[in-house]
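Quick notes on the structure that follows.
The values are calculated or read from the model by the stated rules, or taken from the named source; none is laboratory data. All figures in this text were calculated on a predicted structure; none of them were measured in a lab. Ideal geometry is used to build each Cβ from the backbone, glycine not excepted, and the neighbour counts take in all protein chains shown.
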Amino acid sequence: MAFDFQRVLITGGAGFIGSSLADRLLEAGKTVAVADNFSPYYDVRIKEENIRHNLNNPAYSCFRGDIEDPDFIKKVFTETKPDAVVHLAARAGVRPSLENPLSYVKTNVGGTANILEQMRTDGIKKLVFASSSSVYGSCAAELFSEDLRIDRPVSPYAATKAACEQMCYTWHVLYGLNVVCLRYFTVYGPRQRPDLAISKFARCIMKGEPVEMFGDGSSVRDYTYIDDIVTGTAAALDYDKTGYEIINLGGGEPVKLSRMIEVIEQNAGRTAVIRRMPFQPGDVERTACDFSKAARLLGYRPSTSFEDGIKKFIAWLKLNSGGIRS
């Protein structure tokens with residue numbers, strides 16, 4: 001089952017993780033096509049900036065459209081003829097999924113089915129699917145390993161990601177797709193979406209604006225720096241030993257919310273103005289990644305500590321305005 005991919009399609013390729021992965025693959029000499037709907041979920045100019053530097057690269061192409069549209073997907077596959085697909089496109093966010101769950105099912109589940117079916121039709125065998133640590137729900141385990149049950153998601157977003165993992169398995173069994181589902185643990189770093197916690201907190205602290213802290217600050221997240229996620233995702237593309245795997249990618253360094261704020265304060269050189277808020281439905285108290293399987297199968301070893309990652313992110317923010325160069 002040896003793979004040798006030259007042409008890679010990245011759905012959601014103008015976003016935070018997708019554009020960072022595209023850069024890495026282009027540096028490795030690959031031909032990269034990205035598909036993205038440039039949703040106004042956050043400032044569209046951020047995505048435009050993420051891809052701007054690649055637009056004149058002959059090895060790069062960008063298609064604007066929605067994975068909910070099977071005709072758009074067919075057009076992209078027909079024009080790019082990918083050897084492999086990295087499927088990152090999704091309606092994102094745990095809390096927004098509580099407000100409009102049907103849209104999450106339509107985009108995340110329906111859109112993934114469109115990708116899987118086009119791969120089956122075109123005979124494309126290699127898929128890396130972006131899942132999420134949210135599938136573990138309110139897990140009580142000390143470390144979250146891939147063999148834990150995920151049948152109790154606490155948000156529609158998590159439920160759609162769990163459903164997509166199951167669909168990927170079905171297409172693997174029935175149609176021979178080779179799939180790696182990667183459960184990402186709280187990714188942060190340059191180009192991070194402005195609505196995510198580290199990005200939101202850093203921007204508010206740097207501007208002297210109040211920070212909304214949900215709960216008492218004791219909640220814990222396993223934060224993962226973007227460079228480590230990109231390295232792990234690229235390794236998953238090359239993985240060829242088995243036909244279907246679910247693999248955690250995390251930082252392996254769980255951090256309390258209160259500590260996260262402290263580290264941002266230290267690097268921003270300002271003290272946070274905290275506005276305490278009640279714990280939110282759909283959130284979980286704790287995530288903690290067991291990445292031993294990723295280490296064994298992918299050679300994955302996160303190399304960026306939380307302190308170093310925040311330092312790099314704050315330095316990047318100081319040179320950018322909301323992810324848009326001023």
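What's the total number of residues in the range 79-93 that are over 22 Å from residue 158 (Cα atoms) and part of a loop (DSSP other than H, G, I, E, B)?
Here the count works out to 3.
I need the full set of residues from the range 63-77 which are under 21 Å from residue 126 (Cβ atoms) and either in contact with a helix residue (DSSP H, G or I) (Cβ under 8 Å, 6 or more places away or on another chain) or part of a loop (DSSP other than H, G, I, E, B) (or both), in order please.
If the condition is that a residue be under 21 Å from residue 126 (Cβ atoms) and either in contact with a helix residue (DSSP H, G or I) (Cβ under 8 Å, 6 or more places away or on another chain) or part of a loop (DSSP other than H, G, I, E, B) (or both), then 63, 67, 70, 73, 74, 77 are the ones that fit.
When the range 218-231 is examined, which residues are found to be under 16 Å from residue 131 (Cα atoms) and either free of Cβ contacts under 8 Å to residues at least 40 places away in the same chain or outside any helix (DSSP H, G or I) (or both)?
222, 223, 224
Taking the range 10-51, which residues are hydrophobic (A, V, I, L, M, F, W, C), under 20 Å from residue 130 (Cα atoms) and not in a helix (DSSP H, G or I)?
10, 14, 32, 33, 34, 35, 38
Of all residues being in contact with a helix residue (DSSP H, G or I) (Cβ under 6 Å, 6 or more places away or on another chain) and either modelled with pLDDT under 90 or under 24 Å from residue 50 (Cα atoms) (or both) in the range 282-302, which is surrounded by the fewest Cβ atoms within 10 Å (Cβ to Cβ)? Just the residue, please.
Out of the qualifying residues, it is 282.
Under 8 Å by Cβ, and 6 or more places apart or on different chains, what pairs join a residue from the range 277-292 that is under 13 Å from residue 217 (Cβ atoms) with one that is at pLDDT below 80 and surrounded by 15 or more Cβ atoms within 10 Å (Cβ to Cβ)?
As it stands, the answer is none, since no pair meets every condition given.
Quick check on this structure: which one of 40, 58 is within 24 Å of residue 75 (Cβ to Cβ), of a type outside the set (Lys, Arg) and either at pLDDT below 95 or in contact with an Asp or Glu (Cβ under 7 Å, 6 or more places away or on another chain) (or both)?
40
Filter the range 85-115 down to the residues that are more than 28 Å from residue 200 (Cβ to Cβ) and crowded, with 23+ Cβ neighbours inside 10 Å, then identify the one that is farthest from the chain's Cα centre (by Cα).
115
Conditions first: (1) at pLDDT below 95; (2) out of contact with any Asp or Glu (no Cβ under 9 Å at 6 or more places or on another chain). Residue 69 passes all but one, so which condition is the exception?
Checking residue 69 against (1) at pLDDT below 95; (2) out of contact with any Asp or Glu (no Cβ under 9 Å at 6 or more places or on another chain), the one that fails is (1).
In the range 220-238, how many residues are surrounded by fewer than 20 Cβ atoms within 10 Å (Cβ to Cβ) and farther than 22 Å from residue 51 by Cβ?
3
With the condition kept exactly as written, say whether any residue in the range 164-179 is touching a Pro at 6+ places or on another chain (Cβ under 8 Å), farther than 23 Å from residue 18 by Cβ and in contact (Cβ under 8 Å) with a residue 40 or more places away in the chain.
Taking every residue of the range 164-179 in turn, none turns out to be touching a Pro at 6+ places or on another chain (Cβ under 8 Å), farther than 23 Å from residue 18 by Cβ and in contact (Cβ under 8 Å) with a residue 40 or more places away in the chain.
If you take the residues in the range 13-37 that are in contact with an Asp or Glu (Cβ under 6 Å, 6 or more places away or on another chain) and not aliphatic (A, V, I, L, M), which one is nearest to residue 81 (Cα to Cα)?
13
What helices (runs of 4 or more DSSP H), lying completely within the range 232-326, carry at least 1 residues that are closer than 20 Å to residue 213 by Cβ?
257-268, 306-319
Are any of the residues in the range 121-137 modelled with pLDDT under 95, assigned to a loop (DSSP other than H, G, I, E, B) and not acidic (Asp, Glu)?
The answer is yes, given that some residue of the range 121-137 is modelled with pLDDT under 95, assigned to a loop (DSSP other than H, G, I, E, B) and not acidic (Asp, Glu).
Taking the range 126-149, which residues are closer than 27 Å to residue 176 by Cα and either surrounded by fewer than 22 Cβ atoms within 10 Å (Cβ to Cβ) or of a type in the set (Asp, Glu) (or both)?
Of everything in the range 126-149, those that are closer than 27 Å to residue 176 by Cα and either surrounded by fewer than 22 Cβ atoms within 10 Å (Cβ to Cβ) or of a type in the set (Asp, Glu) (or both) turn out to be 145, 146, 147, 148, 149.
Out of the range 180-218, which residues are farther than 30 Å from residue 52 by Cα and among the aliphatic types (A, V, I, L, M)?
Within the range 180-218, 211, 213 qualify.
This table checks each residue for (1) of a type outside the set (S, T, N, Q); (2) out of contact with any Lys or Arg (no Cβ under 6 Å at 6 or more places or on another chain); (3) crowded, with 22+ Cβ neighbours inside 10 Å; (4) in a helix (DSSP H, G or I).
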residue: 180; (1), (2), (3), (4): yes, yes, yes, no
residue: 183; (1), (2), (3), (4): yes, yes, yes, no
residue: 192; (1), (2), (3), (4): no, yes, yes, no
residue: 195; (1), (2), (3), (4): yes, yes, no, no
residue: 200; (1), (2), (3), (4): yes, yes, no, yes
residue: 203; (1), (2), (3), (4): yes, yes, no, yes
residue: 211; (1), (2), (3), (4): yes, yes, no, no
residue: 216; (1), (2), (3), (4): yes, yes, no, no
